[in-house]
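Worksheet: the structure to be examined is printed underneath.
The values are calculated or read from the model by the stated rules, or taken from the named source; none is laboratory data. Computed from a predicted model, the values in this text were never measured in an experiment. Note that each Cβ is placed from the backbone with ideal geometry, even for glycine, and that neighbours are counted across all protein chains shown.
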Amino acid sequence: MRYSQLFGKTIRQDPKDEVSVNAKLLTRGGFIRKEVAGVYNFLPLGLKVLNKITNIVRDEMNKAGGQEILLSALQNKASWEKTDRWNNFDALFKVKSRQETEYALGPTHEEVVVPLVGQFISSYKDLPLYLYQIQNKFRDEARAKSGILRGREFLMKDLYSFHTTEEDFEKYYERMKEAYSAVFTRCGLDAILTEASGGAFSKFSHEYQVITEAGEDEIIYCAGGDFSQNTEIAEVAAGKECDLGHGPLKKVKTIEVGNIFPLKTKFSDAFGLTFKDKDGSQKSVIMGCYGIGISRLLGTIVEVHNDDKGIIWPKSVAPYDVNLIELKSQMANGKTTSQNLKLSGELVYEKLREVGIEVLWDDREDVSAGEKFADCDLIGIPVRLVVSAKTGDQVEWKNRGEEKTELISIEEAIKRLI
């Protein structure tokens, strides 16, 4: 992509109505723009990152046996009344048609997926079943804040599992723990598996928490990795010595990036979702739910991976592999020329693209080197390549977040990037 043609450009100043680091940097870098409080538009750079995170999530869900579906955002009021949540789900958006029909605007999808599955399940032979979707959710948050970490519209992956026995559910629950750890590791985050309250469903559920001062949650955890609880249900206090000798437990601020929890038969019972077991008896289907806020995950990555110059994207989710900068010579009349360049930006751009390397080429004319470098740091692509009269028939390589630069051949650059 030529930067001169990219929709959405960088801006120098922080937006006045944003407080969080993620919203400031993503707005300044040309990734997002606010529509209204708690609702953001994703520009091409932002959508590329969002799609890369989505593909990582999708890959791990597929590996765990998930089948992808897409459920309706407008939901049946009667289903929400069956679960007694029409008037008891605080953040539920309710919309009314011109025919005066009321709908729920989906904040979650138990009320849709369970009746749907009921149309296809009748026997133990139909189970287990694992269904997931990636879709925008809507929640009427009392106070949308923290940029894309807590919004009224957000992209989420939710997977629902359906089982014949508690044992089968517990086995899959452990499988999803592994899948979630893989997702967050691939996204460049160190997510801590944390015990949390199970609410109305069970004694405990599990969250994946990422340490950062921008977090709204707090956990008490052992740095040795053997203990972590959300402070809302914590049975111990910070400072207590770890039972395995790893030192005192710590209390830190965190962002929740995912959660997994048992639903047991709460929704199965509400909709009469049963199956005929081997002995001929009818039994309620046992369920589990597994959520990842994908747009929230993007914001968390920015909160964790940044410096005073801008974002530092992990390679796996970066919008491009390389930010290519061409520095042309300045002429007396103020115009620029590439006359002294032995290796042109156009040539490097095409060579990289030919082998499948994603490139953002800053091809802007009459823009200073300093401005190009500043924009490159702000956008945060992992590798910067510079072509100039000084680099001759080589390119200057620099990793984002490091000061070191080196001159290498274009062939060596390609070898490193593939």
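Considering T10, T83, the condition of being β-branched (V, I, T), in the same structural domain as N136 (by TED's automatic domain parsing) and either modelled with pLDDT under 95 or within 30 Å of I325 (Cα to Cα) (or both) is satisfied by T10 alone.
Answer with yes or no whether A142 is in a loop (DSSP other than H, G, I, E, B), without any contact (Cβ under 8 Å) to a residue 60 or more places away in the chain and farther than 30 Å from S281 by Cβ. Taking the combined requirement at face value, the residue satisfies it. So if I check each of N41, N55, which one is closer than 15 Å to I292 by Cβ and within 16 Å of the chain's Cα centre (by Cα)? Unique residue meeting the criteria: N55. Does F120 fit the bill of being surrounded by fewer than 15 Cβ atoms within 10 Å (Cβ to Cβ), among the aromatic types (F, W, Y) and either over 25 Å from the mean Cα position of the chain (by Cα) or not assigned by TED's automatic domain parsing to the domain that holds G293 (or both)? Yes; evaluated as a whole, the condition is true for this residue.
Can you name the residue in region 361-390 that is β-branched (V, I, T) and modelled with pLDDT of 95 or more and, of all such residues, is nearest to D308 (Cα to Cα)? Per the stated criteria, the residue is I379. Under the condition of being assigned to a loop (DSSP other than H, G, I, E, B) and either in contact with a helix residue (DSSP H, G or I) (Cβ under 7 Å, 6 or more places away or on another chain) or touching a residue at least 60 places away in the same chain (Cβ under 8 Å) (or both), the residues counted in region 1-26 number 11.
The set of residues from region 45-67 being farther than 21 Å from K315 by Cα and out of contact with any strand residue (DSSP E or B) (no Cβ under 6 Å at 6 or more places or on another chain) comprises N62, K63, A64.
Scanning region 92-102 turns up one or more residues that are in the same structural domain as M287 (by TED's automatic domain parsing), touching an Asp or Glu at 6+ places or on another chain (Cβ under 9 Å) and part of a loop (DSSP other than H, G, I, E, B). Against the condition of a type in the set (S, T, Y), over 19 Å from D375 (Cα atoms) and surrounded by fewer than 20 Cβ atoms within 10 Å (Cβ to Cβ), how does S268 come out, does it pass? Answer is no for this residue.
Residue pairs whose Cβ atoms lie under 7 Å apart, sitting 6 or more positions apart in sequence or on different chains, and linking a residue in region 256-270 that is farther than 15 Å from M176 by Cα to a partner that is part of a helix (DSSP H, G or I) and modelled with pLDDT of 95 or more, are F267/E110; F267/V114; S268/V114; A270/K82.
I'd like to check something: does region 168-187 contain any residue that is assigned to a loop (DSSP other than H, G, I, E, B) and either among the β-branched types (V, I, T) or touching a strand residue (DSSP E or B) at 6+ places or on another chain (Cβ under 7 Å) (or both)? Checked region 168-187: no residue is assigned to a loop (DSSP other than H, G, I, E, B) and either among the β-branched types (V, I, T) or touching a strand residue (DSSP E or B) at 6+ places or on another chain (Cβ under 7 Å) (or both). Exactly one residue among G225, G239 is in contact with a Pro (Cβ under 7 Å, 6 or more places away or on another chain) and either small (G, A, S) or not assigned by TED's automatic domain parsing to the domain that holds I148 (or both), and that residue is G239.
Scanning region 105-115 turns up no residue that is in contact with an Asp or Glu (Cβ under 8 Å, 6 or more places away or on another chain) and among the small types (G, A, S).
Here region 372-408 is the region considered, the condition is being β-branched (V, I, T) and within 29 Å of I11 (Cβ to Cβ), and the residue that is surrounded by the fewest Cβ atoms within 10 Å (Cβ to Cβ) is T405. For first residues located in region 150-179 and in the same structural domain as Q119 (by TED's automatic domain parsing), partners that are polar (S, T, N, Q) and lie 6+ apart or on another chain with Cβ distances below 6 Å form the pairs E153/N136; F154/S295; L155/N136; L155/S295; Y172/S161. Checked against the criterion of being surrounded by fewer than 16 Cβ atoms within 10 Å (Cβ to Cβ) and closer than 30 Å to I148 by Cα, the candidates G245, G258, G199, G288 yield just one match: G199.
Going through (1) in contact with a Ser or Thr (Cβ under 8 Å, 6 or more places away or on another chain); (2) free of Cβ contacts under 8 Å to residues at least 12 places away in the same chain one by one, I56 falls short only on (2). Report, by residue number, each residue of region 145-167 that is part of a helix (DSSP H, G or I) and touching an Asp or Glu at 6+ places or on another chain (Cβ under 7 Å). Within region 145-167, just G147 meets the criteria. Against the conditions (1) in a helix (DSSP H, G or I); (2) under 33 Å from the mean Cα position of the chain (by Cα); (3) surrounded by fewer than 18 Cβ atoms within 10 Å (Cβ to Cβ), E411 satisfies every one except (2). Any chance region 86-99 includes a residue that's surrounded by 17 or more Cβ atoms within 10 Å (Cβ to Cβ) and under 20 Å from the mean Cα position of the chain (by Cα)? Scanning region 86-99 turns up no residue that is surrounded by 17 or more Cβ atoms within 10 Å (Cβ to Cβ) and under 20 Å from the mean Cα position of the chain (by Cα).
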